[in-house]
Each structure stands twice: as C-alpha cells, then as structure tokens.
Amino acid sequence: MTSNSQIDERTLREIYLPAFEETVKKAKPTSVMASYNRINGKFAARNKYLLTDILRKEWKYQGGVLSDWGAANDIVSCMKNGLTLEMPDPKVFHTNVLKQAYQDGQITDQELDSWVKNVLLNFVSLHENVEEHYAVDMEEQNQAARKLENESAVLLKNNGVLPIGKEKKIIIIGELAEKMRFQGGGSSHIQPTMMKNAIEAIREKGYQAVYIRGYWNETKGLEEKQLQNALEQLKREYEKNECVILYFIGLTEAYEGEGYDRKTLRIPQNQEKLLSEIAECVGKENIAAISFGGAPMDFSFEKNVASILHMYLGGQAVGESVADLISGEVNPSGKLAETIPFSEKDTPAWRYFAPPHDDVEYREGIFVGYRYYETFHVPVRYPFGYGLSYTSFSYSDLKVPETYSGGKVKVCFKVKNVGSVRGSETAQLYVCPPESDVIRSSIELKGFQKVFLHPGEEKEVTLELDERSFSVYDVEKKAFSVLGGKYHICIGASVRDLRLDAEIEVSGNSYFRNERELFPDYFKEQPHGMEICAEQFYQLLGGEPKHDREKTRGAYTVYDSYQDVVSASLFGKCVRGIVNIGLKIMLRGKSEQDPAFKMVKMGVEEGNLEGLIATSGGIATPKLIDLLVLNANKQYLRAFKRMLKK
C-alpha cells in the first residue's frame, strides 16, 4: 500500500489512464477515488499531476475526489493537490492539522472555499431528495444478476459434453457446487438477498442429480480415506453412457482475496488430485469442469476433462446460471477479457512484480496482457477475446475505407449464425499498425459488439474508429499523435481467431525519435516475460528514479509502512506483538489463514503509518506513530521527550 509504481508516460497514458478518461468524459461521475500507492514517487492522494493537471485541467472533471480508506497522509499536501474528501474520519487529527495550517497562512480562504464548495456540490447534495419509502423487487434484481452471469460465463472447452440432455443423470462433485464462490473477498463482501446453489438449481431443472462432496473448500489437502470414499460413491452412481460428471473447481477465498497476493497460478491441490483420480477411474469423456475464480489461474486440469465452463465470480444467481448454461436453455456467449497463460513465468511482468521493497518497476511498458503475447508470439492456453458457443458463426463482407485522414470512420461487416441453435457472438475489431521504429504493440483491440442471432440469421455490424485508434502518446508533444502508414483492420472472434482483414492508408505524423536504437530490448524476442535492462527503462522514464529499497537511520517517516517501521526497533516489535494479540481478540474464532483475518492484518501491516490513525478509529494515536518512527530511526532521546509530551 506504500508501493511506488514507476511507470513511463506513454504506458501511463496508453494503458492505465484511458479507462478513467473515458468514464470521466462520458459518464461524468460525481466522485473518483485516489488509491493508496505512489505513482512515480508521489502518493496518489496527493499526486498533483494525476488529480489536478490531468483529471481536472485536461479532462475538465468537476466532481469530488475521495481517498481510499487511510490513503491520505500529509493532509495539507493532499488538499492542495486535488483531494476533496478524506476517508474515513481521522478522529480530529487531520482536522487539527488543517486548522493549524490555515492559521499559519498555508491555506488561503479561496482554497478553503473551493474545497468546501466541492464537498457540498458533490457529496452533501446526494442526500437531497432521497425517497424515504421505496420498494425493491428482490426477485427482479436476482433475475438481472442471473442474466448478467448468463451473458458473462465463458465456455473454454467443449468436446460435446455440454449442453446436457434431461435424460442424462448428473453427478455433481466438489464442495464449490454447494458452498459456491460467487463474490470477491475482503471489503467487497455482501450478503445476498437470495441464493440457490448449483445442486438445487440443477435439480429444479428436472435433472436427476447426485451430489458427492469429494473435497472441502477450507482445506488444501486430500486424505486417502476422503479420496477413496469419493471414488467409491462415484463408482456406485456412474454409468458410462447414462451419466455426466460436473466437477466444480477453482480458487477458494483462502487462495484469492483482498490484501494478499497469490504466489502462483495454482489452484487448490486437493481439487486437482481428486479430479485426476476421477479421470483415471472413469475416463474424461463425460466430465465437464465448472470453474470459478476472479483472475487467471492454472487450467492444466483441462487434460482431465472434456469441457470447461468458466463462471468467474458470478454473483448471487451463479447457481441458477450454471443450470441455465449446462442445460442449453442459455447458450454461453462470454469472452475472455484477459489472456490465460500457461504459467506465471509467461507473464510479461513476472521478473519485476512484487519485489521485496516498495519500488515496482513497470519495465514491460505498454506490453501488458495480449499486447505482449501477440507482439512477441508467446504461446498461451487461452487467448484474449476467446470464448466458445453451442453454435458457430461466420464473418463476411468487411468494408473499410481505403484511406484515413482524420475524424470518425465506419467499419462494417456481417456475422451469421451457421449453427443449429440461437446464440450471441462478440465480434472484435483489431487495428494492426505498420512495422516501425516505435515501441508499439503489433495489434490492439479498438472496438467490439455483441450480436444475438437465430440459426441462419445474419446481421451487419458497424463499428467506428477515430484518431485515437491510430495514435500513440507523443511524450515530446505531450499529446496523442496519429502515426501515418499502412494499417490492417482485422475482425475476429478472438485476438488469435481473426476472420477478416483489410488495409487502410493512414495520413499522419512521424514519431520524434528512433526507439529501436534507443531501447533495443523492447524489439528483441521476449518468449518468457519481458527482460529489460535498467538503463533502457530509466531512459524511458526520463531519468533514474529515486529508489526506496533499503532504509537507513533517520530515513523512516510516518509515510512508510507499518511493517517496515515496526521491524526496525525493539519498541516496534513489542507494539507489533500487542497489535497481533489485539487482532486475534477482535477477530476471535477466525484462523490466521481466514481471508478476513488476512485482509485486516495485511491492511495494518502494509498501510502507511499516518493512515492508521484513521483506519484504526483512533487506537493508533499520533503519539504512538511518532514513537514508532523515532525508535526506528534510533532517535531515542527525541522518542523519550515525545513520550512525555501530550
């Protein structure tokens, strides 16, 4: 939470800011949240470049900016640089700091008026005209959640097992079918208004369904007795030509949640072991995996199944959605919004991500996700934009102008359902730039549209391109610039299933430098993650940044993380021991491996010290924070004087 994201300007502008830019300009939200971390050395909650120069001046944003919980430190700097509202209540501490700054003349009347006006307009006004008595149709809301998940689930593999006819008996295996993973962990937890698990929903469809727990979600191991019991139950119920096995598999909350990182892409080993034994026992021909998880994971278990339906984290109606999709009442139509690699060591950033210090170097630059895999021809398990259907689609009649010199241009093509059942296809438009001496992805998604089609039905799809579709961010001009040349416009079902291709000659500019000569590492083969030398990366940044790796005496501040500061002194270690006891009392009944416990503990450990004053509800006092820092810096006399001071 005190990490420092070191990122070059082009990557920031082309990869990380566009989603915010489009939302701010089109949706005009009332509020934007500033994160915990630093970006190029500046904490997000007091980052003038992001919150004022870009958000307000460039994008003309009029709403409020609030901090993530405990993210605000050096509150005067936060307010002057674009923050509007600190969350949560800092228990008077920051209020007193602001009062003193006002009295000392650091804050002007004009600034204070501006901040108050922003809060009144964007936050207090939200409470006006609120209906006191209103009714919510919870069943209607549940059906909306069900429809969303039906549209989002991705069919990754299907060798004819799905959909399942009602004449088949279904054997459901895995506790994830009973205690379903339907939401993220940590502060995103909600209580569903209603929920049927997959077992109940499948039986309601009229299937004869048998449930075998097989493994437990909360344990990682699989005892031999537990394994043998599951196999014995399966043998009693399974008849090869009459049954389909639905094996529920994926990431549990112990593996994936808020406040703690995953070390690998692996899924729980008890799930993998049981599935392997089942496939060996009865064969994989009649096994369909129903998988869950909020992010890419290891799908090597695909060798033991005939079909995979990936539900992600599907909300409270996920059980009903599973039943809709496996029955064929709904045809899967989701597409991957990410690439599924074979291994974490195939990802572009694995060499530089999660270092043992706060500096996080984004050396991969713009080569994030599919941009890396496609540009450097890296094999993947499932490509970006991929997703199967119970039907098939064809593409034809691509129409693209021969030239482009500005404004908006239409791209038209046709999609036809050439299968025997109705379904939806998400057609994707990619732009492939000409080869050049500019660091650039070989392909970029620039548009998509989902089309519902009955068997034999054909529809024309029209998508638009504009200047940004052919642009890069020119760091010299400080603006996006169209680069001229011969581009390819490609239409397909995924980034690796391109069906149509046309050329367009784009009139534009030349980039101001030859990046192939300056940054040769970005042009060489990179088959197992990006490997970029420090000198080239720092040149791309515009100079070597200030590093924050090893603290020395006198270097610790209230802006450092709790875990770094308390580890540096005996006093800090004693405080940490007391805090850990307090956490166990506060979260009694939960083990240290429980997701809620891990989230709270890591929130304390990784949070900046000053932010803990707010997030602890005042338990961590300004005096305690000062004492921790002074002891870490071995300034014992000053610590003693601070202890005596109110």
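The values are calculated or read from the model by the stated rules, or taken from the named source; none is laboratory data. On a predicted model such as this, the values are computed, not experimentally measured, just so you know. As a convention, Cβ positions derive from the backbone with ideal geometry for all residues, glycine included, and neighbour counts pool all protein chains shown. Accessible surface areas use protein heavy atoms only, side chains included; no ligands, DNA or RNA. Shrake-Rupley method; radii C 1.70, N 1.55, O 1.52, S 1.80 Å.
List of remarks:
- Residue pairs whose Cβ atoms lie under 8 Å apart, separated by 6 or more positions or on different chains, with the first residue in the range 213-231 and free of Cβ contacts under 8 Å to residues at least 60 places away in the same chain and the second among the β-branched types (Val, Ile, Thr) and in a loop (DSSP other than H, G, I, E, B), are 217/252; 218/252.
- Selection over the range 354-381 of residues that are in a loop (DSSP other than H, G, I, E, B) and under 30 Å from residue 498 (Cβ atoms) gives a count of 14.
- Residue match in the range 393-413 (condition: of a type in the set (D, E, K, R), under 24 Å from residue 505 (Cβ atoms), part of a loop (DSSP other than H, G, I, E, B) and more than 22 Å from the chain's Cα centre (by Cα)): yes
- Subset of the range 608-626 (residues that are of a type in the set (Val, Ile, Thr) and surrounded by 14 or more Cβ atoms within 10 Å (Cβ to Cβ)): 613, 615, 621, 625
- Residues that are out of contact with any helix residue (DSSP H, G or I) (no Cβ under 6 Å at 6 or more places or on another chain) and in a helix (DSSP H, G or I), drawn from the range 312-353: 325, 326, 327, 344, 345, 346
- Selection over the range 506-516 of residues that are closer than 15 Å to residue 435 by Cβ and not β-branched (Val, Ile, Thr) gives a count of 5.
For every residue, the table says whether it meets (1) at pLDDT 95 or above; (2) within 27 Å of the chain's Cα centre (by Cα); (3) surrounded by fewer than 21 Cβ atoms within 10 Å (Cβ to Cβ).
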| site | (1), (2), (3) |
| --- | --- |
| 286 | yes, no, no |
| 289 | yes, yes, no |
| 299 | yes, yes, no |
| 304 | yes, no, yes |
| 307 | yes, yes, no |
| 310 | yes, yes, no |
| 318 | yes, yes, no |
| 321 | yes, yes, no |
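- Members of the range 235-269 that are closer than 30 Å to residue 350 by Cα, polar (S, T, N, Q) and surrounded by fewer than 22 Cβ atoms within 10 Å (Cβ to Cβ): 264, 269
- Note on the range 627-646: among residues that are surrounded by fewer than 18 Cβ atoms within 10 Å (Cβ to Cβ) and in contact (Cβ under 8 Å) with a residue 40 or more places away in the chain, the one that is nearest to the chain's Cα centre (by Cα) is 634.
- Residue check, residue 378 within 23 Å of the chain's Cα centre (by Cα) and open to solvent by less than 20 Å² (accessible area, probe 1.4 Å): yes
- Any hit, the range 227-235, residues being within 24 Å of residue 295 (Cα to Cα) and not basic (Lys, Arg): no
- Summed over the range 586-603, the residues that are more than 22 Å from the chain's Cα centre (by Cα) and either closer than 19 Å to residue 253 by Cα or open to solvent by less than 30 Å² (accessible area, probe 1.4 Å) (or both) give a count of 7.
- Test result for residue 60, under 27 Å from residue 561 (Cβ atoms), at pLDDT 95 or above and of a type in the set (Lys, Arg): no
- Wholly enclosed helices (runs of 4 or more DSSP H) of the range 109-217 bearing at least 2 residues open to solvent by less than 30 Å² (accessible area, probe 1.4 Å) and within 25 Å of residue 246 (Cα to Cα): 138-152, 198-204
- Of the criteria (1) of a type outside the set (Asp, Glu); (2) out of contact with any Gly (no Cβ under 8 Å at 6 or more places or on another chain); (3) open to solvent by less than 20 Å² (accessible area, probe 1.4 Å); (4) at pLDDT 95 or above, which one residue 47 fails: (2)
- Residue in the range 461-472 that is buried (at least 16 other Cβ atoms within 10 Å of the Cβ), in contact (Cβ under 8 Å) with a residue 12 or more places away in the chain and under 20 Å from residue 393 (Cβ atoms) present: yes
- Looking only at the range 76-95, residues that are closer than 28 Å to residue 547 by Cβ and surrounded by fewer than 22 Cβ atoms within 10 Å (Cβ to Cβ) come to 4 in all.
- Selection count where residues are of a type in the set (Val, Ile, Thr) and in a strand (DSSP E or B), scope the range 414-434: 3
- Among (1) open to solvent by 20 Å² or more (accessible area, probe 1.4 Å); (2) modelled with pLDDT of 95 or more; (3) out of contact with any Lys or Arg (no Cβ under 6 Å at 6 or more places or on another chain); (4) of a type outside the set (D, E, K, R) - the single one residue 342 does not satisfy: (3)
- Verdict on residue 625 being within 22 Å of residue 569 (Cα to Cα), modelled with pLDDT under 90, touching a helix residue (DSSP H, G or I) at 6+ places or on another chain (Cβ under 7 Å) and not hydroxyl-bearing (Ser, Thr, Tyr): no
- Which listed residue, of 483, 500, 541, is open to solvent by 20 Å² or more (accessible area, probe 1.4 Å) and within 24 Å of residue 376 (Cβ to Cβ): 541
- Enumerated helices (runs of 4 or more DSSP H) restricted to the range 498-595, each holding at least 3 residues that are closer than 30 Å to residue 72 by Cβ and of a type in the set (Val, Ile, Thr): 570-586
- Scanning the range 122-175 for residues that are without any contact (Cβ under 8 Å) to a residue 24 or more places away in the chain and within 30 Å of residue 32 (Cβ to Cβ) returns 124, 125, 127, 128, 129, 130, 131, 132, 134, 136, 144, 147.
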